[in-house]
1. How do GLU197, GLU47 line up, fewest other C-beta atoms within 10 Å first?
2. Would you please put 241-248, 56-63 in order of how densely packed they are, using the mean number of other Cβ atoms within 10 angstrom per residue and starting with the highest?
3. List the trypsin sites (Lys or Arg not before Pro) within segment 58-113 that fall in a DSSP loop (any state other than H, G, I, E or B) and whose Cβ has at most 16 other Cβ atoms within 10 Å.
4. What translational D, rounded to a whole number of µm²/s, comes out for segment 104-253 from Stokes-Einstein when the hydrodynamic radius is the Kirkwood one over Cα pairs, at 20 °C and 1.002 mPa s?
5. Describe numerically, in nm with one decimal, the distance between label points set 7 Å from Cα along Cα→Cβ at ARG112 and at GLU22.
6. Would you calculate the volume per residue, in Å³, of the smallest convex hull containing every Cα atom of the chain?
7. Across 5 Å bins from the origin, how do the percents of Cα pairs in segment 40-162 run, short distances first?
8. With the cut-off at 1.5 for a/c, could you classify segment 21-66 from its C-alpha gyration tensor as rounded, prolate or oblate?
Amino acid sequence: MATTARAPDVVLDRAQVSRRRESWARVMGEFVPHLASLEETLCRVAEAVRGRSPDRVLDLGGGPGLLAERMTRKWAGAAITLMDIDPVLLALARSALTGKARALEGDLSTPRWVDRAGVGYDLVTVVMTLHYLAPAQVRAFYADARRCLAPGGLLIVADLMPDEGLPSLMNALCPAPNEAAAELAWAQWWNDIADLEVLRPLLAQRAAIFGERLPAEFTAAASWHASAAQEAGFCEAGIFWRCGRHAALAAVA
């Protein structure tokens with residue numbers, strides 16, 4: 001797929017950015033139950049595997065930068081790079097991230113994103129993003145992410161990874177989200193964004209990017225993802241967090 005032009009820089013009101021990002025967090029909470037627990041566990045696992053906090057972090061599909069911002073606060077000395085394909089979300093991220101954090105445009109459906117991001121990362125995260133890609137693209141992604149990591153680096157993938165026979169207690173603790181309500185909140189979030197005149201050029205660019213790019217809605221069991229990671233050269237991979245159909249996998253380079 002052809003590389004899209006870089007989104008033009010826009011200047012956003014700080015209060016507007018804060019409101020839009022806070023409402024994004026609420027919408028994501030509708031889709032992913034116990035999202036805060038996932039992020040907290042993710043950071044603990046990253047520190048435990050390496051024995052210290054990471055120096056270089058890449059957050060793929062990072063949207064408006066909520067996770068990247070939290071990692072910046074937690075690991076004050078780390079260089080955090082966020083990457084996303086959506087020009088609107090990148091504008092929100094760039095308006096909020098500070099310090100050593102940066103935001104880049106990149107398309108995970110092609111290997112060119114590695115050239116944009118660079119290599120040598122201690123931690124790569126991709127949260128609720130891989131389901132947009134087709135199975136062959138997801139397999140290729142694991143190989144690309146392996147190239148991106150320093151030796152001993154950690155890849156964390158969190159997404160829909162349904163497994164059959166989940167214990168009834170887990171289902172009770174993590175009930176399925178109200179998908180209809182979540183989709184309505186998602187649509188309302190984008191309707192509100194369209195009211196911001198300063199973002200309309202980016203919304204037009206977003207429409208051009210996604211006009212012929214339908215989400216694959218690909219979901220595979222955790223064992224599929226673990227196998228794909230190992231086939232890509234990761235020495236070990238396994239699930240460290242689960243809530244209903246959502247799970248998070250850690251793979252060590």
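Where a number appears in this text, it was derived from the coordinates with a stated rule and is not lab data. Keep in mind that what you see is a predicted model, and the values were worked out from it rather than measured. Every residue, glycine among them, receives a Cβ derived from its backbone with ideal geometry; neighbour counts consider all protein chains shown.
1. Working: GLU197 7, GLU47 16.
Final ranking by Cβ density, sparse to dense: GLU197, GLU47.
2. On the way: 241-248: 20.4, 56-63: 25.5.
So the order, starting with the most tightly packed, is 56-63, 241-248.
3. Values: sites: ARG70, ARG73, LYS74, ARG94, LYS100, ARG102, ARG112; in loops: LYS100.
Sites meeting the loop and neighbour criteria: LYS100.
4. Values: Rh = 17.2 Å.
D = 125 µm²/s.
5. The answer from the label model is 3.9 nm.
6. Details: hull volume 30.8 nm³, N = 253.
It comes to 122 Å³ per residue, whole-number rounded.
7. It works out to 2, 12, 23, 25, 21, 12, 3, 0, in whole percents.
8. Values: a/c = 3.34, a/b = 1.74, b/c = 1.92.
Verdict is oblate for segment 21-66.
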